[in-house]
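Q: Dumping the structure here so I can ask a few things about it.
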């Protein structure tokens, strides 16, 4: 029996960043948000996570964003959404 994580952090990172000069991915993010499970599943079949203007269908096993809305709109070209476990509060 697998358990679905309750919370993730989503980082929106420019695709064109090739050399971060030793900086972490989080330092290159133009926006980040902690999203929490809603208990619903999206059209993709994966759990929906929402928070801070971001709604995402996330595959919790592979940490893949299957669908994403930022402030109600699709992600701008040139940005990539990365997912990582949210820090414990």
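Q: I need the full set of residues from segment 18-36 which are surrounded by fewer than 15 Cβ atoms within 10 Å (Cβ to Cβ) and assigned to a loop (DSSP other than H, G, I, E, B), in order please.
A: Matches in segment 18-36: 18, 19, 20, 21, 22, 23, 24, 30.
Q: Return the residues of segment 53-79 that are more than 9 Å from the chain's Cα centre (by Cα), within 19 Å of residue 28 (Cα to Cα) and surrounded by 13 or more Cβ atoms within 10 Å (Cβ to Cβ); say none if nothing qualifies.
A: Listed by number, the residues that qualify are 70, 75, 79.
Q: Determine which member of the set 39, 45 is loosely packed, with under 12 Cβ neighbours inside 10 Å, on the phi > 0 side of the Ramachandran plot, part of a loop (DSSP other than H, G, I, E, B) and free of Cβ contacts under 8 Å to residues at least 24 places away in the same chain.
A: 45
Q: Give me the pairs: first residue in segment 65-82 and part of a loop (DSSP other than H, G, I, E, B), second residue surrounded by fewer than 16 Cβ atoms within 10 Å (Cβ to Cβ), beta-carbon distance under 7 Å, and six or more apart or on different chains, which are they?
A: 71/53; 78/14; 78/15; 78/16
The numbers here are math on the coordinates, done by the rules we state, and not lab data. Not measured: the values here are computed from a predicted model. For neighbour counting, all protein chains shown are included, and Cβ atoms are generated from backbone atoms with ideal geometry for every residue, glycine included.
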